[in-house]
Amino acid sequence: MSITEDEARKVAHLARIAVEDEALPALARELSGILQFMEQLGEVDVEGVEPMTGVIPMRLKRREDAVTTGGMPEKILSNAPDAREGFFAVPKVVE
Amino acid sequence: MSDLNKLTITEARDALAKGDVTSVELTEACLGAIEGAGALNAFVHGTPDKARAMAAAADQRIKDGQASAMTGIPVGIKDVFCVQGVPSQAASKILDGFVPEYESTVTQNLWNAGAVMLGKLNQDEFAMGSTNEASCYGPAVNPWQGADGQKLTPGGSSGGSAAAVAADLCLGATGTDTGGSIRQPAAFTGTVGLRPTYGRVSRWGVIAYASSLDQAGPMTKTVRDAAIMLGAMASVDPQDSTSADLPVPDYESLLTGDIRGKKIGIPREYRIDGMPDDIAALWDKGADMLRDAGAEIVDISLPHTKYALPAYYVIAPAEASSNLARYDGVRYGRRAKLGQGDGIVEMYEKTRAEGFGPEVQRRIMIGTYVLSAGFYDAYYNRARKVRTLIKRDFENAYADGIDAILAPTTPSPAFALGAMDQADPVQMYLQDVFTVTLNLAGLPGISVPVGQDKSGLPLGLQLIGRPFEEGDLLNQALVLEKAAGFVAKPERWW
């Protein structure tokens, strides 16, 4: 399976990573190479095999549905590149 | 006492208990060694003030008779662990300036035990890599040199941890292992690296790469040290929903040195084409050592071994693409400078393009691709089914009475920095060929230095154990360590 430049552009966009047009051919080649390596998986007979969801058999832990922490907006915002008046600030989203 | 930084954790603990040395003295020795080791680029954020304060507190605790085995022991922490108030950026530009407001469970456990924090250690960005070259800080350098003073990789992703332990900059270090990132660097630097069973050590506060595979563990100078340090790192943690509800045993007390009657499997599928003679010979030698100690050596088959790497390179990037979606330039870390009229999508795309390095971008995109509509079944689901089969291979071996499996840790000794620059990504991924299987199966594994190649570089063997039987595994590793008698140290050039 090989990836076209258009598919590479689409994957980059889905991943929200800006890729210049000039870089697309090399990206497509690289991704194709890796996918080709993965093609080997096609040789394995997986008929009737369950896909693994968790490597250690255990029941997911549950806890009481209650607030356990909070009340620290300054700490939450302390690492934000742009925070104003107790909010994360982002470029305009809605016109 | 001189050269206190060269002590093992065990020696330091005993000296502290006898009052022959103080934690302040140990800590100063390590800080001095770090100061003189800039050329190794192992420590990337030093915390000397914190270290001195913690050492003084540890000395008081020892005086008060409240010490545990790790009290007063100076350690290094891989950058991937969040430490409150200390830059923690997993060697990524996208986390430039990130200073956590909270503490990872592993580091909290170490501080509760009285360990002393020397600083943060270099690694590959988001723990993705096998050479430590994918780091925003530049590569860590192996204290072992190649011919003519050639600079070698310490391996990756926990390259800074391995280099620091091998060069005696700290007594032990934390690492994380998603596909071999503790064991491969340990093998490249003549140190011991233990990856515990999935769920033994909490992932809370460890910056995530691939959550179903990530596991933190100790990197130390000896097997006994690994037992002591694992005991302090491991816990049952309500903050991590995959933390196993099993009490943490006293691993050191399980080190009897007696492995008589144990069955050690030699998996025939690991004898790959092109394996260097040195490594094949070392493997045979390791089997002889265990046999001489009374273990039974058994030829076994793990038939799906060949498919572990391709399965890993579907599953790990898939999980990474989800985990790393959080780096959006909004809540923490870096945000790209935006142009006139740029909206939120441009902000995401520019921030991620300049914040992530090439290998991380590659894995995010591969992960995005294998999870996208139309390919999910063909790649991701198929890889998860193959993973089930790989785990079943191990279960079958253990059901047949095998206690542990012996294999080489890496397909080569440490190689030159830059050697992989022109290689395609798959060449680099082949570094993980012996290590990645047990991550897929969730099993514990330990790399022990057993010999040297023709040019004197360290070589490691790994033992793979039964789930949650780290005590047995460490005991087998101890026997291997003792029989190998590996004492070589890198000659100081830095």
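The values are calculated or read from the model by the stated rules, or taken from the named source; none is laboratory data. Just so we're clear, the structure is a prediction, and the values are computed from it rather than from any experiment. Cβ: placed from backbone, ideal geometry, glycine included. Neighbour counts: every protein chain shown.
Values as computed for the structure displayed
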{"item": "Search result, residues across the range B:69-89 that are away from every other protein chain (no Cβ under 13 Å), more than 25 Å from B:Glu25 (Cβ to Cβ) and in a loop (DSSP other than H, G, I, E, B)", "result": "B:Asp79, B:Val80"}
{"item": "Residues (within 8 Å of another protein chain (Cβ to nearest Cβ) and in a helix (DSSP H, G or I)) located in the range B:356-366", "result": "B:Gln361, B:Arg362, B:Ile364, B:Met365, B:Ile366"}
{"item": "Residue count for the range A:50-95, restricted to those that are more than 29 Å from B:Leu213 (Cα to Cα) and of a type in the set (S, T, N, Q)", "result": "1"}
{"item": "Of the criteria (1) over 27 Å from B:Arg352 (Cα atoms); (2) assigned to a loop (DSSP other than H, G, I, E, B), which one A:Val90 fails", "result": "(1)"}
{"item": "Count of the range A:9-28 residues which are outside any loop (DSSP other than H, G, I, E, B), at the interface with chain B (Cβ under 8 Å from one of its Cβ atoms) and aliphatic (A, V, I, L, M)", "result": "4"}
{"item": "Residue within the range A:56-66 that is in a helix (DSSP H, G or I) and either within 15 Å of B:Val330 (Cα to Cα) or within 7 Å of chain B (Cβ to nearest Cβ) (or both) present", "result": "no"}
{"item": "Count - residues of the range B:90-131 that are in contact (Cβ under 8 Å) with a residue 60 or more places away in the chain, within 14 Å of chain A (Cβ to nearest Cβ) and more than 17 Å from the chain's Cα centre (by Cα)", "result": "10"}
{"item": "Matching residues, the range B:214-236, being under 20 Å from A:Lys61 (Cα atoms) and surrounded by fewer than 24 Cβ atoms within 10 Å (Cβ to Cβ)", "result": "B:Ser235, B:Val236"}
{"item": "Subset of the range A:29-53 [in a loop (DSSP other than H, G, I, E, B), more than 7 Å from chain B (Cβ to nearest Cβ) and either over 14 Å from B:Val386 (Cβ atoms) or within 21 Å of the chain's Cα centre (by Cα) (or both)]", "result": "A:Thr53"}
{"item": "Answer from B:Gly46, B:Gly38, B:Gly32 - the residue that is in contact with a Leu (Cβ under 9 Å, 6 or more places away or on another chain) and within 29 Å of B:Asn132 (Cβ to Cβ)", "result": "B:Gly46"}
{"item": "Filter pass, B:Leu440 being part of a helix (DSSP H, G or I) and crowded, with 22+ Cβ neighbours inside 10 Å", "result": "yes"}
{"item": "Criterion (charged (D, E, K, R), away from chain A (no Cβ under 13 Å) and assigned to a loop (DSSP other than H, G, I, E, B)) met by exactly one of B:Arg260, B:Arg291", "result": "B:Arg260"}
{"item": "Out of B:Gln60, B:Gln66, sole residue that is among the polar types (S, T, N, Q) and in a loop (DSSP other than H, G, I, E, B)", "result": "B:Gln66"}
{"item": "Flag for B:Gly374 being at positive phi and more than 8 Å from chain A (Cβ to nearest Cβ)", "result": "yes"}
{"item": "Looking only at the range B:300-352, and only at residues there that are without any contact (Cβ under 8 Å) to a residue 24 or more places away in the chain, more than 7 Å from every other protein chain (Cβ to nearest Cβ) and over 29 Å from B:Glu101 (Cα atoms), the one that is surrounded by the fewest Cβ atoms within 10 Å (Cβ to Cβ)", "result": "B:Gln340"}
{"item": "Residue count for the range B:244-281, restricted to those that are within 25 Å of the chain's Cα centre (by Cα), loosely packed, with under 15 Cβ neighbours inside 10 Å, charged (D, E, K, R) and within 21 Å of B:Leu459 (Cβ to Cβ)", "result": "1"}
{"item": "Residues within the range B:443-473 that are under 19 Å from B:Ala162 (Cα atoms) and part of a loop (DSSP other than H, G, I, E, B), tallied", "result": "4"}
{"item": "Hits in the range B:424-434 - residues which are surrounded by fewer than 24 Cβ atoms within 10 Å (Cβ to Cβ), modelled with pLDDT of 85 or more and not in a helix (DSSP H, G or I)", "result": "B:Val433"}
{"item": "Flag if A:Ser78 is more than 9 Å from chain B (Cβ to nearest Cβ), surrounded by 12 or more Cβ atoms within 10 Å (Cβ to Cβ) and either farther than 30 Å from B:Leu443 by Cα or touching a residue at least 60 places away in the same chain (Cβ under 8 Å) (or both)", "result": "no"}
{"item": "Qualifying residue in the range B:474-482 (condition: among the polar types (S, T, N, Q), closer than 26 Å to A:Val49 by Cα and in a helix (DSSP H, G or I))", "result": "no"}
{"item": "Tally of residues being of a type outside the set (A, V, I, L, M, F, W, C) and in a helix (DSSP H, G or I) across the range B:294-344", "result": "12"}
{"item": "From B:Lys93, B:Lys18, B:Lys50, residue being touching a helix residue (DSSP H, G or I) at 6+ places or on another chain (Cβ under 8 Å) and of a type in the set (D, E, K, R)", "result": "B:Lys93"}
